[in-house]
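Step one of this worksheet: look at the structure below.
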Amino acid sequence: MGRKVIDNPNLCSLVHSMNIIGGKWKPILLYLLANGSMRFGKLLIHTPTISKKVLTDQLKELEEDGLIIRTRYAEVPPRVEYSLSEKGEALLPILKALSDWTFETYPEMAFEQCRIVSL
């Protein structure tokens, strides 16, 4: 199954943005990588309800869109790490603002404040 996208015949920048970072997992993966590079297994631990296939697909799409960098080390066993690219780092203030908005707009919820340290 390929990437699900919103049709964008008028080339709306917001629709394009949502096609890149929209969905259930991409903002969460970007948030996790805000605090430094991580291996696949560690990302899987921090997102326990995601399947390996979905995590793989989401990471591939983020890499294709230039938001993350996949670094493969020539070791035995092979090691792969994911980190934010410059484009991905540029999204951090937006993700933080969205988190802050939710925290402030829904005070009745017992949210833990998200911590993005790369700002």
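Annotations for the structure displayed:
- Residues located in the stretch 2-60, provided they are farther than 23 Å from V80 by Cβ and part of a helix (DSSP H, G or I): S13, L14, V15, H16, S17, M18, N19
- Residue ID - modelled with the lowest pLDDT, chosen from residues in the stretch 1-52 that are loosely packed, with under 13 Cβ neighbours inside 10 Å, farther than 18 Å from E89 by Cα and small (G, A, S): G2
- Candidate set: the stretch 59-96, residues that are closer than 20 Å to T47 by Cβ, free of Cβ contacts under 8 Å to residues at least 24 places away in the same chain and of a type in the set (D, E, K, R); chosen: the one surrounded by the fewest Cβ atoms within 10 Å (Cβ to Cβ): E64
- Conditions (1) at pLDDT below 95; (2) under 27 Å from H16 (Cα atoms); number of the one not met by Y73: (2)
The values are calculated or read from the model by the stated rules, or taken from the named source; none is laboratory data. All values derive from a computational prediction rather than experimental measurement. Ideal geometry is used to build each Cβ from the backbone, glycine not excepted, and the neighbour counts take in all protein chains shown.
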